[in-house]
Amino acid sequence: MRELLEAAINECKLVNIWYEPGTRSIECHALGYGSAGQILLRAFQIDGASASNEHVNWKLFRLDRMRDVELTIFEFDGPRPEYKLNDRAMTRGIICQLSPLCRYRDPAA
């Protein structure tokens, strides 16, 4: 699972996951370690289920709660404008993250 998420970040590929309460489509931005050593994923959810009813928004996911990770063939255009490099939630280090050199292009523009 971790290798798929690293590939998604490195290749700017959309990912489908199952995370309570259901399936979600996400743009992975950063993978790292939280304060308790758990692996965390910072992603922008573009579609799907949401326990918070925020179906399109930034999310922080725990890998140990994630299932059915699917790397899709669909790409996204790099970090969203609101993305902050070196995510503060990943207090024990970053495994990988999107490059700031790769700029987001709004598909609606």
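Below, the figures for the structure above:
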read-out	value
Most to least packed among 23-29, 67-73, 6-12 [average Cβ atoms within 10 Å]	23-29, 6-12, 67-73
Per residue convex hull volume, Cα atoms of the chain, in Å³	99 Å³
In Hz, Karplus ³J(HN,Hα) per residue of the stretch 67-81 (6.51, -1.76, 1.60; θ = phi - 60°; x = Gly, Pro)	9, 6, 7, 10, 7, 8, 8, 7, 9, 10, 8, x, x, 5, x
For Phe76, residues with placed amide H under 5 Å, excluding near neighbours	Lys13, Leu14
Residues whose placed amide H lies under 5 Å from that of Asp47, excluding near-sequence neighbours	Ser25
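Quick note: the coordinates plus some simple rules give every number you see, no bench work behind them. The model shown is predicted, which means the values in this text are computed figures rather than measured ones. No Cβ is skipped: glycine too gets one built from the backbone with ideal geometry, and neighbour counts run over all protein chains shown.
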